[in-house]
Number of protein chains: 2
Amino acid sequence: MSDITEVKRPYHHGNLKKVIVDTALSMLAENNGWQFTLREVARRAEVSHAAPYKHFPDKISLLAELALIGFDQLGAELIRALKSEGMTPIDRFFVAGKTYINFGLTNPSLYKLMFSAEASGGSSQVHLDERAMSALGVLLEVLESGQNQKVFKRGALNDQTAACWAQVHGLTMLSIDGLLYEEKVGENAIDGALKTLMEGLKA
Amino acid sequence: MSDITEVKRPYHHGNLKKVIVDTALSMLAENNGWQFTLREVARRAEVSHAAPYKHFPDKISLLAELALIGFDQLGAELIRALKSEGMTPIDRFFVAGKTYINFGLTNPSLYKLMFSAEASGGSSQVHLDERAMSALGVLLEVLESGQNQKVFKRGALNDQTAACWAQVHGLTMLSIDGLLYEEKVGENAIDGALKTLMEGLKA
DNA sequence: ACCTGAACACCGTTCAAGT
DNA sequence: ACCTGAACACCGTTCAAGT
């Protein structure tokens, strides 16, 4: 009988690591925050609660891996969004900003995990920083080429990068936390805020 | 003998609620994040682990109360910093921004708690929002009076408020997470970022 | 090489019982 | 009115033992 209905996991079903990561990602997508339990992941993956420890030394290592994946996804979305030709630096600023914020609002639990200190304790700290910076690199390139085309103020590239990153990060976080609703700060606060910052960038 | 050395907590030592809050605040000040355990708080307060439940229905109610205190402190510091006369709107913008960010960097665990969704689940959700808004109100006043003095661009007060709040919140968060260090985004990134945004506010 | 079951030291929360 | 001790249902983590 077990031959008929239970051929799913033959011996030790091989790719448990990927299954665990995918299960955790889908739990993040359920938007209950990133504080799921490792035992719940194991339960959903239909393995014993001890099994994940064969693939991750501890819980925060799994969290770090998820954060890594998040940064990669964010970076990929930014690059894709900016690929089309013929955009002015101003267009590119808004596209980058809105893509970034949209990623956060679409994946709030993952986004918060990416920036939670608990996720960066593990051994992959270095990789995490690297990938975070790759997302930052996209921003930097937008600003730099804008400067070169004399659309943005020359110099102070670092200041502009920090301002833009802080702006999109802040808007994303506040919006995730429900603090940017109309009653509080006016409708379309995100677009308006980006526009306000943009005025500070223009040459 | 117990008469001599143990007169500290006579019967039920009265103000347990305040002791619990203070203990929790001092644990936040130790900067190990806001995810302390309720049992540890009780241990330090030298009461049984069940005692806190006579004063708070659950853990997140305590967290919410701490967040509330944080918003009050932040608001008070902003008001104090802006009290002196004779500042230009531009001065006031920088003073408010740097006071805000400094509060976050001085109390990182408390600041993160204030903006963590877990803290806003309790029954004091409404109060929390109210107090958060009071801190926001300070920002709004700075911008509004700046507009009235024709130093800042007229109109779009909501956009400016959102931009400023997101900027300081983003800078605070990124800085707490150690992502604004020199190697990454240039030294003095915070000042530079505020200056960049300021350019967008000026009339 | 990969997984399981029992075990350990914790949590948050509840509740009868003590002062 | 305020606090305690034992108890319950969970965690994360470890480790001998199974396949």
Check your understanding: Do we have any residue at all in region A:72-89 that's touching a residue at least 60 places away in the same chain (Cβ under 8 Å), in contact with a helix residue (DSSP H, G or I) (Cβ under 7 Å, 6 or more places away or on another chain), away from DNA strand D (no atom under 16 Å from the Cβ) and over 21 Å from residue A:133 (Cβ atoms)?
Key -> yes
Check your understanding: When you look at residue A:145, is it out of contact with any Gly (no Cβ under 8 Å at 6 or more places or on another chain), among the polar types (S, T, N, Q) and either under 30 Å from residue A:31 (Cα atoms) or at pLDDT below 85 (or both), yes or no?
Key -> no
Study note, to complete from the structure: Subset of region B:136-176, residues at the interface with chain A (Cβ under 7 Å from one of its Cβ atoms) and either surrounded by fewer than 17 Cβ atoms within 10 Å (Cβ to Cβ) or small (Gly, Ala, Ser) (or both), comes to B:156, B:162, B:163, B:166, B:170
Check your understanding: Which condition breaks for residue A:172 when tested against (1) free of Cβ contacts under 8 Å to residues at least 40 places away in the same chain; (2) under 19 Å from the mean Cα position of the chain (by Cα)?
Key -> (1)
Practice item. Sort through B:132, B:117 and tell me the only one that's buried (at least 20 other Cβ atoms within 10 Å of the Cβ), within 25 Å of residue B:21 (Cβ to Cβ) and modelled with pLDDT under 95. Key: B:132
Check your understanding: For residue A:103, are the conditions met, namely being among the hydrophobic types (A, V, I, L, M, F, W, C), within 14 Å of chain B (Cβ to nearest Cβ), part of a helix (DSSP H, G or I) and surrounded by 16 or more Cβ atoms within 10 Å (Cβ to Cβ)?
Key -> no
Study note, to complete from the structure: Residues in region A:49-79 that are under 22 Å from residue A:16 (Cα atoms), outside any loop (DSSP other than H, G, I, E, B) and either of a type in the set (D, E, K, R) or touching a Ser or Thr at 6+ places or on another chain (Cβ under 6 Å) (or both) total 5
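The values are calculated or read from the model by the stated rules, or taken from the named source; none is laboratory data. Nothing here was measured: the structure is a model prediction, and the numbers come from that model. Neighbour counts run over all protein chains shown; Cβ positions are idealised from the backbone, glycine included.
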